[in-house]
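Since the structure comes first, as structure tokens, the remarks are kept for the end.
The values are calculated or read from the model by the stated rules, or taken from the named source; none is laboratory data. As the structure is a computational prediction, the values presented were derived from the model and not from experiment. Positions of Cβ are generated from backbone atoms using ideal geometry, with glycine treated the same way; all protein chains shown enter the neighbour counts. Remember, those area values only see protein heavy atoms, side chains included, never the ligands or the DNA or RNA. Shrake-Rupley method; radii C 1.70, N 1.55, O 1.52, S 1.80 Å.
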Amino acid sequence: MPETEPFVAHRNLLFTVAYEMLGSAADAEDIVQETWLRWSTVDPATVQDPRAYLVRIVTRQSLTRLRTLNRRKETYVGSWLPEPLLTTPDIADDVELVDSVSTAMLLVLETLTPTERAVFVLREVFAMDYDDIAEAVDKTPATVRQIAHRARTHVASRRPRTPVDPRETDAALTAFRHAVETGELQRLMDILSPDVVLIGDGGGIAQTIPRPIFGADKVARLLLGQSARLPGLALHPIVVNGQAGLAVYLGGKLDTVLTARLDEGRIAALYAVRNPEKLGHMEGETALRR
């Protein structure tokens with residue numbers, strides 16, 4: 001069917017837009033399905049630019065969903081973290097895309113208003129024209145330019161200070177894994193920044209730390225204490241959201257996904273997603289596209 005071709009060609013792009021807007025793979029999948037239902041009623045011959053048209057539908061649907069999700073987060077039990085994705089290896093070739101879907105960046109995007117987030121994602125990640133963005137968010141191009149400037153300034157003040165080489169993240173997590181597996185406290189503390197933060201997300205379903213823990217000594221002792229109490233624990237290197245991460249298994253079953261943010265070669269933040277409702281996209285690889 002001719003109408004399916006543009007949708008299929010841009011499906012991975014549409015999922016990526018929705019995921020960057022929402023930080024939830026499950027909701028992004030819903031948005032993509034809703035987009036297909038709307039696209040299936042359109043005559044493709046009347047659409048000059050299918051990519052821009054489809055992105056516009058996804059953006060509008062995501063904005064509506066984002067406002068609902070924000071209300072849910074107000075009653076979320078414990079800390080909220082983005083849903084991790086087991087990504088295909090080819091994403092590593094797109095450094096900007098990898099940076100935009102990192103846990104650290106998705107958390108920065110959480111501090112924007114829904115419209116600011118949409119404008120920032122569409123302009124900075126997907127390089128869309130201001131006119132197309134204006135149609136997607138129902139604003140004038142001049143207003144969109146102002147929103148884009150405000151969002152860029154906001155993100156720049158909160159994102160990691162310097163880009164991190166993926167090999168550096170991989171090396172740090174490899175050292176982290178070895179330190180945890182051998183139970184070497186000093187070795188683990190040497191890998192952590194003095195003011196490192198550990199954030200856990202159990203969603204009120206799986207037990208985790210109720211609030212963030214700060215400081216290398218506290219974080220290291222907690223991690224090694226838990227490791228010692230769980231003899232069946234195993235850490236496996238994986239690629240999460242395009243970056244090095246760790247899958248934590250208990251009794252052969254995926255229990256937690258760990259990602260990290262580095263600063264000057266040390267781990268400055270550890271993000272532990274244990275909520276089982278957020279681990280569904282770790283079973284198979286997800287392709288992200290721009």
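Taking just the alpha carbons, could you work out the radius of gyration and Dmax for the range 135-290, both in angstroms?
Over the range 135-290's Cα set, Rg and Dmax evaluate to 18.1, 59 Å.
Taking the Cα centre as origin and putting +1 on Lys and Arg beta-carbons and -1 on Asp and Glu beta-carbons, what dipole magnitude results for the chain, to the nearest 20 debye?
The calculation lands at about 980 debye.
Run the dipole for the range 189-273 about the Cα centre, Lys and Arg Cβ at +1, Asp and Glu Cβ at -1, nothing else charged, and hand back the magnitude in debye, nearest 20.
Around 260 debye, computed over the range 189-273.
Explain nothing, just compute: Karplus ³J(HN,Hα) = 6.51 cos²θ - 1.76 cosθ + 1.60, θ = phi - 60°, for every residue of the range 136-151 in order, whole Hz, x for Gly and Pro.
Per residue, the Karplus-derived 3J(HN,Hα) values read 5, 9, 6, 10, 7, x, 5, 5, 4, 4, 5, 5, 4, 5, 5, 5 Hz.
Quick one: with all protein chains in place, what share of the accessible area of the chain is carbon or sulfur, to the nearest percent (1.4 Å probe)?
51
Just from its helices, what would the mean residue ellipticity at 222 nm be for the chain, if runs of 4 or more DSSP H residues each count -39500 (n - 2.57) and the sum is divided by every residue, rounded to the nearest 500 deg cm²/dmol?
The helix contribution divided over the chain gives -15000 deg cm²/dmol.
Calculate one ³J(HN,Hα) per residue across the range 200-211 by plugging θ = phi - 60° into the Karplus curve 6.51 cos²θ - 1.76 cosθ + 1.60, and present them in order as whole Hz with x for glycine and proline.
x, 10, x, x, x, 9, 10, 5, 7, 5, x, 8
Could you give the semi-axes, largest first, of the ellipsoid that matches the range 109-223, computed as the square roots of 5 times the alpha carbon gyration tensor eigenvalues and rounded to whole Å?
Whole-Å semi-axes of the equivalent ellipsoid: 39, 17, 12.
Counting only heavy atoms of the protein chains, get the accessible area per residue of the chain (1.4 Å probe) and round it to a whole Å² value.
Dividing the accessible area of the chain by its residue count gives 48 Å².
Between D170 and E110, what is the spin-label point distance in nm, taking each point 7 Å from the Cα along the Cα→C-beta axis?
2.8
Using the alpha carbon gyration tensor of the range 1-143, what are the three equivalent-ellipsoid semi-axes (square root of 5 times each eigenvalue), largest first, in whole Å?
24, 17, 16
Which whole-Hz ³J(HN,Hα) couplings does the range 235-245 yield from phi under the Karplus relation 6.51 cos²θ - 1.76 cosθ + 1.60, θ = phi - 60°, glycine and proline marked x?
With the stated coefficients, the range 235-245 comes to 10, 10, x, 9, 10, 10, 6, x, 10, 4, x Hz.
Can you bin the range 150-211 into rounded, prolate or oblate? Criterion: square roots of the alpha carbon gyration tensor eigenvalues sorted a ≥ b ≥ c, rounded for a/c under 1.5, prolate for a/b above b/c, oblate for the rest.
Because a/c hits 1.5 or more and a/b fails to exceed b/c, the range 150-211 counts as oblate.
Per Stokes-Einstein, at 20 °C and 1.002 mPa s, what whole-number D in µm² s⁻¹ belongs to the chain, with the Kirkwood radius over Cα pairs as the hydrodynamic radius?
For the chosen part, D equals 107 µm²/s.
If you project the alpha carbons of the range 198-271 onto the principal axes, what extent comes out on each, in Å, largest first?
35, 27, 24
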